[in-house]
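Quick notes on the structure that follows.
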């Protein structure tokens, strides 16, 4: 069993996910995607998560528990800044169940990731936020986060990813 990490909020603890938590992690991913109106894009399965999180270990998950029940999570991985010459932490997903929002759990999860970043000698903590998600944008700005408006995010996926990979050999 994963060690509980006590927080300053009574009855709210954190722990790193274990393999037995895969169904819970997938449930949280789907709940977040539903909130973001992107549930139709979730193709992750328990098998894929098992491989990525526990076999290849390309990402980590911290679970927040309130009164012994899971109420949220943060899924993150390391990236690297050539400008800083240091690793960073990229937060892929942060989710707290609606019925327990406003209790400071999201701030604690982000604070824990910031502490991990400092402890692991990372130069920064990054994440994306949908431009219509005003409650989250306000929350992040209150924590001192700065939007990177001068940057544009690009993605290559699906067929375009395969085609680009094919260009390597042709």
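Where a number appears in this text, it was derived from the coordinates with a stated rule and is not lab data. All figures in this text were calculated on a predicted structure; none of them were measured in a lab. Methodologically, a virtual Cβ is constructed for each residue, glycine included, from the backbone with ideal geometry; neighbour enumeration extends over all protein chains shown.
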Using 11 Å as the cut-off for backbone N distance, which residues of region 51-90 belong to the label zone defined by a point 7 Å from the Cα of residue 2 along Cα→Cβ? 60-65, 70-76
Can you tell me the 0 to 90 degree angle between the C-alpha axis of helix 105-119 and the longest principal axis of the chain, rounded to 10? 60 degrees
So, R0 is 25 Å and r is the distance between the beta-carbons of residue 148 and residue 39; what FRET efficiency does that work out to, to 0.05? 0.40
Helix 158-169 vs. the chain, principal-axis angle (Cα, 0 to 90°, nearest 10): 50 degrees
Relative contact order for region 5-169, counting Cα pairs under 8 Å that sit 6 or more residues apart, in percent: 16 percent
Against the longest alpha carbon principal axis of the chain, how many degrees, from 0 to 90 and to the nearest 10, is the axis of helix 22-35 turned? 80 degrees
If you take every DSSP beta bridge fully contained in region 5-169, what fraction is antiparallel? Give it as a percent rounded to 5. 90 percent
Distance from the Cα centre of region 8-46 to that of region 121-170, in angstrom? 20 Å
